[in-house]
Amino acid sequence: PNNPNFPELSGQGQPGREQIKHILIGSPKTVRVTIYNLYSRGYAQVHEWSTPQPTGNSGEVISILSRYLLVD
């Protein structure tokens, strides 16, 4: 998402920043538990993850978190 209040989310105007995508694939429960686990560790807010979408495999969903990181 583009959010001027959180430049690490938009990456715009940030020289030396590159996008990284975190991808979770698994059962809806496992993906949800992992998202909350990463939140409890202070890594990412729950709302930063995409809404889990079916992958086409039975009982499996995918959710993505995009971040922009400073790369030397």
Report task. In whole Hz, with x marking every Gly and Pro, tabulate ³J(HN,Hα) for region 35-51 from phi via Karplus 6.51 cos²θ - 1.76 cosθ + 1.60, θ = phi - 60°. Result -> 4, 5, 5, 5, 5, 5, 8, x, 7, 8, 6, 4, 5, 6, 7, 5, 5
Requested in this report: Provide the per-residue ³J(HN,Hα) series for region 23-33, in order, calculated from phi with Karplus coefficients 6.51, -1.76, 1.60 and θ = phi - 60°, each as a whole number of Hz, with x at glycine and proline positions.
Outcome: 10, 10, 10, x, 5, x, 5, 5, 5, 4, 4
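Read-outs throughout are calculated quantities, based only on the coordinates presented, and are distinct from any laboratory measurement. Quantities reported herein were computed from a predicted structural model and do not represent experimental measurements.
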